[in-house]
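The values are calculated or read from the model by the stated rules, or taken from the named source; none is laboratory data. No experiment lies behind these values; they were computed from the predicted model shown. Here the Cβ positions follow ideal geometry from the backbone for every residue, glycine too, while neighbour counts run over all protein chains shown.
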Amino acid sequence: MQNIWEKYSQSKLDKMEKFCNSYKDFISNCKTERECIDFFTNIAQKNGFINLEKALAENTKLKQGDKVYSVNMGKAMLLMVIGSEPMVKGLNIIGSHIDSPRLDLKATPVYENNELCMFDTHYYGGIKKYQWTALPLALHGTVVKKDGTKIKVVIGEDENDTVLGISDLLPHLEKEKAKLEIKGEDLNVLVGSKPYLKAEKDKVKANILNILSEKKIDEKDLFSAELEIVPSGKARDFGLDRSMIMAYGQDDRVCAYTSFCAILEMDKPKTTSLCLLVDKEEIGSVGATAMNSKFYENTIAEIMNLCGQYDELTMRRALNKSRMLSSDVTAAYDPNYPTPMNENTDAHLARGISFNKYTGSKGKEGANDANPEFIAKLRRILDEKEVFYQATEMGKVDVGGGGTIAYIMAGYGMEVIDAGVPLLNMHAPWEISCKVDVYESYLCYKAFYTL
Ligand code: MN
Ligand code: MN
């Protein structure tokens, strides 16, 4: 199999490195859904994308070549570049998710135990709980006051800022026969040990509440809040050869970033280009901001209407005729853990963007199985544009698999295949990607939009 590093010219290496530096900036600073959407919105506006809400309010007609975006509850987003062909012929859609595994603060998180103050959490998505102890952690999120005022919180990122964390047990105290198992309920974040002298009881908690009140946050405000505990720190080059990137949240923000960069560069495409950045994939794609939400369909209907191309049947036909890359990461083959994997069929680092014809496991259960006619078209365009890709699945037949948003969009009758960056350490606090795979994914998404 190909190792892409052998194929790159010096000028391509330079472009790739520059792209990855911007990606590292993004992934270092955007650790929640809202932070991602704020980042994408800001850049989209600077690149001539019109806010759909504004276009609707002013009844602005849209035409081919126009770029438009719509944000869903601050946590999901749709971007479209309107093509010269009528949308009834189908759209080129790339969809990725911007939520990542983490620990969410509970609605009443603050308590004191043995003169230590803790934040109680409920983990989000598939995590290995032990990986979250004894690490510097940061608190990111939004608190909404009763009057609607929003307070943004980022604590634990600046190198001079304090960090938080979950304590772990000394090995000597861990009996061999009763190996410590960290349960979800044990993921309590230590936030303080200093008493507020004037308080009568729970003095350490009282001190923490005082600190929160300096930020205009009352204890009860934590009920109307979205506060996420995430690994503290920036993305870094990884490996002595700096060939890889270690960062939090690469599942699936690496595909979100690369597909967003691809749509930014679309200029007067033939086929309408659509980029979906969705929330709640890690917990089953349910809820108002998830792929299962009617938001996306409704928004496409609104845009078609402003283009003078809407009626119910036309929209159904447009979705039916569309093509989609469900752009999500996949587990790369890890020589440290060969047992659940198949080295012949799993994705490998440095072999390019990974196409999973189907996900699912144990007899392809729950899989979206992509059509060979569609794959053949993709092969043609990717080979033509010299994009490096690999055809893979995830893990051994009776072991692997895993769901993505693919099956949801396939439900409209469109062609869908999973395509994304292979990762090591997937779902761990610090995930590893290979720089050339990140760059090839961006090139693949650009090529796909010209299909
Ligand atoms: Mn994912
Ligand atoms: Mn995931």
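Taking the options Asn92, Asn113, name whichever one is assigned by TED's automatic domain parsing to the domain that holds Thr289 and among the polar types (S, T, N, Q).
Within the list Asn92, Asn113, the selection yields Asn92.
Tell me yes or no: at least one residue of the range 440-448 is within 16 Å of ligand 1 (Cβ to nearest atom), closer than 30 Å to Leu137 by Cβ, modelled with pLDDT of 95 or more and under 20 Å from the mean Cα position of the chain (by Cα). Reasoning before the result, please.
In the first step, residues of the range 440-448 are kept if they are within 16 Å of ligand 1 (Cβ to nearest atom); the result is 441, 445.
Within this subset, residues satisfying the condition of being closer than 30 Å to Leu137 by Cβ are 441.
Remaining after also requiring modelled with pLDDT of 95 or more: 441.
Keeping just the survivors that are under 20 Å from the mean Cα position of the chain (by Cα) gives 441.
Yes, that holds for at least one residue.
If you check Asp267 against the conditions, is it within 16 Å of ligand 1 (Cβ to nearest atom) and either of a type in the set (D, E, K, R) or over 24 Å from Glu431 (Cβ atoms) (or both)?
Criteria not met by Asp267.
Taking the range 142-179, which residues are of a type in the set (A, V, I, L, M, F, W, C) and either touching a residue at least 12 places away in the same chain (Cβ under 8 Å) or part of a helix (DSSP H, G or I) (or both)?
Val143, Val144, Ile151, Val153, Val154, Ile155, Val163, Leu164, Ile166, Leu173, Ala178 - these are the residues of the range 142-179 that are of a type in the set (A, V, I, L, M, F, W, C) and either touching a residue at least 12 places away in the same chain (Cβ under 8 Å) or part of a helix (DSSP H, G or I) (or both).
Say whether the condition of being more than 16 Å from ligand 2 (Cβ to nearest atom) and aromatic (Phe, Trp, Tyr) is met by at least one residue in the range 409-416.
Within the range 409-416, one or more residues are more than 16 Å from ligand 2 (Cβ to nearest atom) and aromatic (Phe, Trp, Tyr).
Hey, can you tell me all the residues within the range 417-434 that are more than 16 Å from ligand 2 (Cβ to nearest atom) and closer than 22 Å to Glu365 by Cα?
Ile417
Which one of these does Met426 not meet: (1) crowded, with 21+ Cβ neighbours inside 10 Å; (2) at pLDDT 95 or above; (3) touching an Asp or Glu at 6+ places or on another chain (Cβ under 7 Å); (4) farther than 30 Å from Val88 by Cβ?
Only one criterion in (1) crowded, with 21+ Cβ neighbours inside 10 Å; (2) at pLDDT 95 or above; (3) touching an Asp or Glu at 6+ places or on another chain (Cβ under 7 Å); (4) farther than 30 Å from Val88 by Cβ is unmet by Met426, namely (1).
With respect to Ser327, determine if the residue is within 16 Å of ligand 2 (Cβ to nearest atom) and touching an Asp or Glu at 6+ places or on another chain (Cβ under 9 Å). Break it down stepwise before answering.
Values: within 16 Å of ligand 2 (Cβ to nearest atom): yes; touching an Asp or Glu at 6+ places or on another chain (Cβ under 9 Å): yes.
The answer is yes for Ser327.
Of the conditions (1) on the phi < 0 side of the Ramachandran plot; (2) within 16 Å of ligand 2 (Cβ to nearest atom), Asp221 fails just one. Which one is it?
Among (1) on the phi < 0 side of the Ramachandran plot; (2) within 16 Å of ligand 2 (Cβ to nearest atom), Asp221 violates only (2).
When you check Gly400 against the structure, is it touching a residue at least 40 places away in the same chain (Cβ under 8 Å), surrounded by fewer than 23 Cβ atoms within 10 Å (Cβ to Cβ) and on the phi > 0 side of the Ramachandran plot, yes or no? Lay out the reasoning, then the answer.
Numbers: touching a residue at least 40 places away in the same chain (Cβ under 8 Å): yes; surrounded by fewer than 23 Cβ atoms within 10 Å (Cβ to Cβ): yes; on the phi > 0 side of the Ramachandran plot: no.
Considered against the rule, which asks whether it is touching a residue at least 40 places away in the same chain (Cβ under 8 Å), surrounded by fewer than 23 Cβ atoms within 10 Å (Cβ to Cβ) and on the phi > 0 side of the Ramachandran plot, Gly400 comes out as no.
Identify, from the list Leu197, Leu180, Leu170, Leu137, the residue that is over 23 Å from Ile98 (Cα atoms), surrounded by 12 or more Cβ atoms within 10 Å (Cβ to Cβ), outside the structural domain of Glu281 (by TED's automatic domain parsing) and of a type in the set (A, V, I, L, M, F, W, C).
Leu180
Hey, does the range 326-343 have a residue that's in contact with a Phe, Trp or Tyr (Cβ under 8 Å, 6 or more places away or on another chain), within 14 Å of ligand 1 (Cβ to nearest atom) and either closer than 13 Å to Met80 by Cα or of a type in the set (A, V, I, L, M, F, W, C) (or both)?
no
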